[in-house]
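A short write-up of the structure that comes next.
The values are calculated or read from the model by the stated rules, or taken from the named source; none is laboratory data. This one's a predicted model, so the numbers in the text were calculated from it and none came from an experiment. For neighbour counting, all protein chains shown are included, and Cβ atoms are generated from backbone atoms with ideal geometry for every residue, glycine included. Keep in mind that these areas ignore ligands, DNA and RNA; they rest on the heavy atoms of the full protein, side chains included. Shrake-Rupley method; radii C 1.70, N 1.55, O 1.52, S 1.80 Å.
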Amino acid sequence: RNLGGLLSIYELTKDKMFLDRAEDLGHRLLKAFDTPLGFPNAHINLKTGESENTSWSGKQSVLSEIGSVQMEFLYLAYHTKKAIFADKPLSVFKTLRKNKPSDGLYPKTLSSETGFATDERKSIGANADSFYEYELKLWLLTNKQYDGYRSMYEESSNGAIDKLVRESKAGHLFIEDLRNGNSQNRMEHLSCFSGGMFGLGSQEGAVSNPDKQLEV
């Protein structure tokens, strides 16, 4: 958020001081990606470069944390013309793609050493939410030139609609969580963004079933 904020101010003011500060912060943050698979650690000491994952996650990588930094770094790479700011963050998506689930719904937490799931929860709520947004928005940010992001989004959005969208007894659609394949029969407030995401994807041509997604 700090990196994105600095880049937003630079975009609005064209004051190079903000870009210089963003570049300095970007270099410091990149050290968090120095892990076995390149998944960034959640905490980093900006002075020493030492980083680690959180204790509450069991020192594992959280999907929304490792998959929600790519747009900011890609934008920094664009303005500084330094590919290093894009290479490490985007490699996270390449690694995730190698172990993609058949339903397009990625685990909330993953091993930072193997990339495999460390829990069996499926959700587009907490600890997962923004990753799915970034699948779509990375494709849009690259002017729809990199189809890999679009195809990841299509797989994930269809997986969410097929596996997570349910209708309540009162006839209202909601998006539930699954644990070990079992329904939790509840919707997190952090899943509420998904209607806008489905709408954006359908309007921008990211999916082959836009009418169905727009209806949801």
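Pair-distance distribution of segment 54-156: all C-alpha pairs, bin width 5 Å, starting at 0; shares per bin in whole percent are 2, 13, 23, 26, 18, 11, 5, 1. Computed over the alpha carbons of segment 103-216, Rg followed by Dmax gives 14.1, 45 Å.
If you model segment 22-72 as an ellipsoid using its alpha carbon gyration tensor, with each semi-axis the square root of five times an eigenvalue, the axes come out at 18, 13, 9 Å, biggest first.
Evaluated with a Cβ-only charge set (Lys, Arg +1; Asp, Glu -1), the chain carries a dipole of roughly 300 debye about its Cα centre, given to the nearest 20.
Compactness of segment 166-216 was expressed as the Cα radius of gyration divided by 2.2 N^0.38 Å, which yields 1.28.
Modelled label positions at Phe174 and Gln203, each set 7 Å beyond Cα in the direction of Cβ, lie 2.7 nm from each other.
Run the accessible area of the chain with a 1.4 Å probe and give the carbon-and-sulfur part as a rounded percent. Write down the numbers at each step before the final one.
Working: 5670 of 11280 Å².
Ligands and nucleic acids excluded, carbon and sulfur give 50 percent.
Sorted on the mean count of surrounding Cβ atoms within 10 Å across their residues, most packed first, peptides 150-161, 135-146 read 150-161, 135-146. For segment 22-169, relative contact order (Cα pairs under 8 Å, six or more residues apart, normalised by length) works out to 22 percent.
Summary of packing: across the peptides 11-19, 63-71, 165-173, 200-208, the per-residue average of other C-beta atoms within 10 Å ranks them, highest first, as 63-71, 200-208, 11-19, 165-173. For segment 93-114 and segment 155-216, what is the separation of their Cα centres, given in Å? Their Cα centres are 20 Å away from one another.
Classified by the C-alpha gyration tensor, segment 1-114 has a prolate form. Its axis ratio a/c, with a ≥ b ≥ c, is 1.5 or above, and a/b is larger than b/c. For the chain, the average shadow cast by the Cα convex hull is 12.6 nm², which is a quarter of the hull's surface.
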